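Here is the structure we will look at.
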Amino acid sequence: MLNRIIALVLIILLSPVFLLVSLAILIEDGFPVFFKQKRVGVNYTFFPIYKFRSMKKGTPNVATHLLENPEQYVLKTGGLLRKLSLDELPNLINIIRGEMVFVGPRPALYNQDDLMALRVAAGVEKLKPGITGWAQINGRDEISLEEKVAYEKEYLQRKSIGFDLKIIVLTFTSVLMSKGVKH
């Protein structure tokens, strides 16, 4: 419940940022402003994740690293949104809906069977997905799936309010330094 209340307060406080990002996307590429994609939640359930759209209309609905020449699909504003992780702000809607929390493993794409098999084997699928997590601040897009799941398993074992707060603080540091981000 606390996650939902904080998310609602953040949406209100960040509403000027939501407005500016929305206007930038609209001016560059029109509607829609939000991107909705099927993701894997707690206990292998599916939910729609909300993000600001950082790719051009008509981009194939696959992970960016699976696109041939992905740079051709990224909006000019999209690169900046990704670098600053502003494209993730609408994840706050998912927290209010009870599908996500602030700290946990990032939700896998619905077709990332390799990642989900590793998570099930490690018991990590029991965790509600988060906006940030231990794996994100320890490599984000630069580590293998096995390393990612090892960090997620470590998070499961160490999960506490103090550890969550540490991860949140380290997330802000990582975002400011654009650490581990692939555009």
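Here, each number is a calculation from the coordinates, and none is a lab measurement. All values derive from a computational prediction rather than experimental measurement. Here the Cβ positions follow ideal geometry from the backbone for every residue, glycine too, while neighbour counts run over all protein chains shown.
Numbers below:
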quantity	calculated
Selected residue [assigned to a strand (DSSP E or B) and buried (at least 19 other Cβ atoms within 10 Å of the Cβ)] from Ile131, Ile95	Ile131
Unmet requirement for Lys38, which otherwise passes all of (1) in contact with a Pro (Cβ under 7 Å, 6 or more places away or on another chain); (2) in a loop (DSSP other than H, G, I, E, B)	(2)
Any pair with Cβ under 7 angstrom, 6 or more apart, that starts in the range 10-34 at a residue that is part of a helix (DSSP H, G or I) and ends at one that is surrounded by 14 or more Cβ atoms within 10 Å (Cβ to Cβ) and aromatic (Phe, Trp, Tyr)	Val21/Phe52; Ile25/Phe52
Among residues of the range 134-165, those that are touching a Leu at 6+ places or on another chain (Cβ under 6 Å), among the β-branched types (Val, Ile, Thr) and surrounded by fewer than 17 Cβ atoms within 10 Å (Cβ to Cβ), counted	0
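Yes or no, residue by residue, for (1) touching a residue at least 60 places away in the same chain (Cβ under 8 Å); (2) out of contact with any Leu (no Cβ under 9 Å at 6 or more places or on another chain):
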| position | (1), (2) |
| --- | --- |
| Ser54 | no, no |
| Thr59 | no, no |
| Asn69 | no, yes |
| Arg82 | yes, yes |
| Leu92 | yes, no |
| Leu118 | no, no |
| Val124 | no, no |
| Leu127 | yes, no |
